[in-house]
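Notes follow once the structure below has been shown.
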Amino acid sequence: MKIETLRWTNNKLEMIDQRILPASFKYLSYDSAASIAEGIRSMVVRGAPAIGVAAAYGVALEALRQQASAEFNAGMEAGFKVLATSRPTAVNLFWALQRMREVWQGVATQAPQQVAQRLLAEAQEIHAEDIRINKAMGAFGAELLPDGARVLTHCNAGALATAGWGTALGVFRSVVEAGKKISVIADETRPFLQGARLTAWEMVQENIPVTLITDNMAGHLMAHDEIDAVVVGTDRVAANGDVANKIGTYMVAVLAQRHHIPFYVACPLSTIDMNIASSADIPIEERSPDEVKGFRDCHWAAEGVQIRNPAFDVTPAELVSALITEKGVIHRPDRDKLRALFG
Ligand code: MRU
């Protein structure tokens with residue numbers, strides 16, 4: 001089954017509602033920048049590349065919505081602003097908005113109808129490009145994993161987190177495509193359960209063997225020689241190679257180093273933020289305490305307890321064995337290697 005996380009239908013963007021997977025599979029429809037921003041904020045769509053693609057469509061939808069308005073430019077600026085404040089950590093959001101702004105600036109003297117069509121074409125190109133990039137990364141990543149590898153992943157960096165195929169899960173798909181065997185160990189990924197709900201679902205759809213564990217079991221499995229490699233995605237990589245990803249990734253990276261297990265990060269160039277020198281400047285989103293208290297209507301935490309809910313953490317570059325990009329594999333990433341990558 002091909003997973004279409006986002007699809008353009010009847011001049012609207014439809015997105016799979018990832019909050020209710022795997023119990024229900026349903027598309028929700030979007031027609032403005034503000035509605036897309038709400039879809040990103042509430043995690044209907046999530047995962048760095050998918051957020052970027054959704055934001056690009058948000059800009060195009062706003063242009064289509066405003067094309068007959070005398071206040072076209074002001075309406076567009078408001079659209080950019082609401083999208084930029086939807087979530088702070090994944091740099092793909094800001095990357096996509098900047099790319100859409102540059103396209104807009106390039107055609108700003110044309111009629112709004114033409115501007116809107118140009119922006120829609122760009123959003124569709126970002127969408128198609130993301131799938132091509134994932135497949136290129138997948139092919140490079142597949143070479144790193146031996147036949148029969150047992151690979152741990154954290155969160156969901158799959159088709160659902162991108163326009164399709166996936167970054168970390170794209171590597172797994174490419175391993176299978178290359179005729180090799182793989183089995184996946186999926187961390188549950190508290191508190192939003194992207195591993196249990198989304199990664200497990202994607203791998204089951206794909207017939208890739210997958211075993212679910214709770215986040216605190218990874219060390220035990222590593223100590224018992226049940227994990228050969230770790231592959232995760234990322235929301236933002238700083239210019240020195242520090243990696244921000246879903247909360248709990250840092251713990252996995254420390255454990256992997258302790259057990260001499262390679263720790264790979266699948267990372268499109270759009271996720272590398274060369275404007276940020278190190279992870280110290282990566283904004284870490286703090287989400288609602290409700291996500292930690294329980295899940296949906298079931299609350300198990302004691303009433304009155306204080307709760308922290310940072311949604312991401314940072315893995316220092318020194319713990320990263322390699323970044324898998326669409327341009328190739330960067331072993332032991334550092335400032336010089338990343339600078340060279342951008343030419
Ligand atoms: O909070 P989320 O679900 O948006 O977090 C997603 C992740 O942390 C992913 O690992 C990351 O975005 C890479 S997705 C290819």
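The values are calculated or read from the model by the stated rules, or taken from the named source; none is laboratory data. Treat the numbers as computed from the prediction; the structure is a model and nothing was measured. Note that we place each Cβ from the backbone using ideal geometry, even for glycine, and neighbour counts take in every protein chain shown.
Quick one: in region 161-170, which of the residues that are within 9 Å of the ligand (Cβ to nearest atom) and not in a strand (DSSP E or B) is nearest to PRO191 (Cα to Cα)?
Result: ALA161.
Identify, from the list ASP334, ASP313, ASP281, the residue that is within 12 Å of the ligand (Cβ to nearest atom) and either among the polar types (S, T, N, Q) or at pLDDT 95 or above (or both).
One residue alone meets the criteria, ASP313.
Modelled with pLDDT of 95 or more, over 28 Å from LYS293 (Cα atoms) and more than 12 Å from the ligand (Cβ to nearest atom), is that true of ALA253?
The answer is no for ALA253.
Results for (1) surrounded by fewer than 24 Cβ atoms within 10 Å (Cβ to Cβ); (2) touching a Pro at 6+ places or on another chain (Cβ under 8 Å); (3) of a type in the set (Phe, Trp, Tyr), shown as yes or no for each residue.
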| residue | (1), (2), (3) |
| --- | --- |
| THR167 | no, yes, no |
| GLY170 | no, no, no |
| GLU177 | yes, no, no |
| VAL184 | no, yes, no |
| ARG190 | yes, no, no |
| GLN194 | no, no, no |
| TRP201 | yes, yes, yes |
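Of the residues GLU129, GLU143, GLU177, GLU122, which is acidic (Asp, Glu), more than 27 Å from ARG19 (Cβ to Cβ) and assigned by TED's automatic domain parsing to the domain that holds ALA56?
GLU122
Of all residues being in a helix (DSSP H, G or I) and touching a strand residue (DSSP E or B) at 6+ places or on another chain (Cβ under 9 Å) in region 308-334, which is farthest from ALA239 (Cα to Cα)? Just the residue, please.
LEU319
Of the residues in region 258-289, how many are surrounded by fewer than 19 Cβ atoms within 10 Å (Cβ to Cβ) and either of a type in the set (Ser, Thr, Tyr) or under 15 Å from ASP334 (Cβ atoms) (or both)? Reasoning before the result, please.
The initial filter retains those residues of region 258-289 that are surrounded by fewer than 19 Cβ atoms within 10 Å (Cβ to Cβ), namely 258-260, 262, 269, 274-275, 277-278, 280-281, 283-289.
When the remaining residues are screened for being either of a type in the set (Ser, Thr, Tyr) or under 15 Å from ASP334 (Cβ atoms) (or both), the result is 274, 277-278, 288.
Residues meeting the conditions: 4.
When you scan region 204-307 for helices (runs of 4 or more DSSP H) that lie fully inside it, which ones turn up with 2 or more residues that are closer than 28 Å to THR325 by Cβ?
218-223, 249-258
If you take just the helices (runs of 4 or more DSSP H) that sit entirely in region 1-106, which of them hold at least 2 residues that are in contact (Cβ under 8 Å) with a residue 24 or more places away in the chain, farther than 20 Å from GLN117 by Cα and within 16 Å of the ligand (Cβ to nearest atom)?
So the answer is 33-41, 48-66, 91-106.
What is the number of the single condition among (1) within 16 Å of the ligand (Cβ to nearest atom); (2) among the charged types (D, E, K, R); (3) over 30 Å from ALA178 (Cα atoms) that ARG132 does not meet?
So the condition that ARG132 fails would be (3).
So the check is Cβ under 9 Å with 6+ separation or different chains; which pairs have a first residue in region 135-156 that's on the phi > 0 side of the Ramachandran plot and a second one that's assigned to a helix (DSSP H, G or I)?
Cβ pairs passing all conditions: CYS155/ALA161; CYS155/ALA168; CYS155/GLN194; CYS155/GLY195; CYS155/LEU198; CYS155/THR199; CYS155/THR249.
Which of the residues spanning region 209-250 are closer than 18 Å to SER270 by Cα and more than 12 Å from the ligand (Cβ to nearest atom)?
Selection gives ALA238, ALA239, ASN240, GLY241, ASP242.
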